[in-house]
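Undergrad: Have a look at this one before I ask anything.
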Amino acid sequence: MDATENGRTYHVAFVCSVTVNEGVHLIGNTRVPDIAQHYARTFRLLHDLKPDVFVAEHGSVFDLAGKAARVRGGEKTNPFVDPGGYTRFVDAAEKAYLTQLRAEQGK
């Protein structure tokens, strides 16, 4: 979605559930046989997004407390405008997914 602050429009992404829960298998998953492909498609879509701001299901994922403290402290630039944080988050989540996928494939 887009949000406007002080006349400037920011692209905002809401990202949830891109980690593979403990005990969930990507290969041979009988509940969701195509789960590995679903994750791969999700990461392709996330890489195509170019948000200025991102939020996630847990504040710790995007440093909600730290960014809010910086705003309360009077920081002049909006710390929630964090495209680099989004990229780092997506890259780290994808790396964890690929690591598990390779391990399950025996590579």
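Undergrad: Would you work out the Kirkwood radius for the stretch 67-107? I mean one over the mean of 1/r across all pairs of different Cα atoms, in Å.
TA: Values: mean 1/r = 0.0801 Å⁻¹.
Every distinct Cα pair counted, the radius reaches 12.5 Å.
Undergrad: Further, regarding this structure: Where Rh denotes the Kirkwood radius from the mean inverse Cα pair distance, what is Rg over Rh for the chain?
TA: Working: Rg = 16.6 Å, Rh = 15.5 Å.
We get a ratio of 1.07 for the chain.
Undergrad: If I take R0 = 30 Å and measure r between the Cβ atoms of Arg102 and Leu49 in this structure, what FRET efficiency does the formula 1/(1 + (r/R0)^6) give, to the nearest 0.05?
TA: Numbers: r = 25 Å, r/R0 = 0.84.
With R0 = 30 Å, the Cβ-Cβ based efficiency is 0.75.
Undergrad: Further, regarding this structure: Tell me the per residue accessible area of the chain using a 1.4 Å probe; a whole number in Å² is fine. List each step's numbers first, then the result.
TA: Numbers: 7240 Å² over 107 residues.
On a per-residue basis, the chain sits at 68 Å².
Undergrad: Computing the accessible area with a 1.4 Å probe over protein heavy atoms, can you report the carbon and sulfur percentage for the chain? Don't jump to the answer; show the numbers that get you there.
TA: Details: 3920 of 7240 Å².
Carbon and sulfur atoms account for 54 percent of the accessible area of the chain.
The values are calculated or read from the model by the stated rules, or taken from the named source; none is laboratory data. Remember, it's a predicted structure, so these values are computed and weren't measured experimentally. Backbone-built Cβ (ideal geometry, glycine too); neighbour counts: all protein chains shown. What goes into the accessible areas is simple: the full protein's heavy atoms, side chains included, and nothing from ligands, DNA or RNA. Shrake-Rupley method; radii C 1.70, N 1.55, O 1.52, S 1.80 Å.
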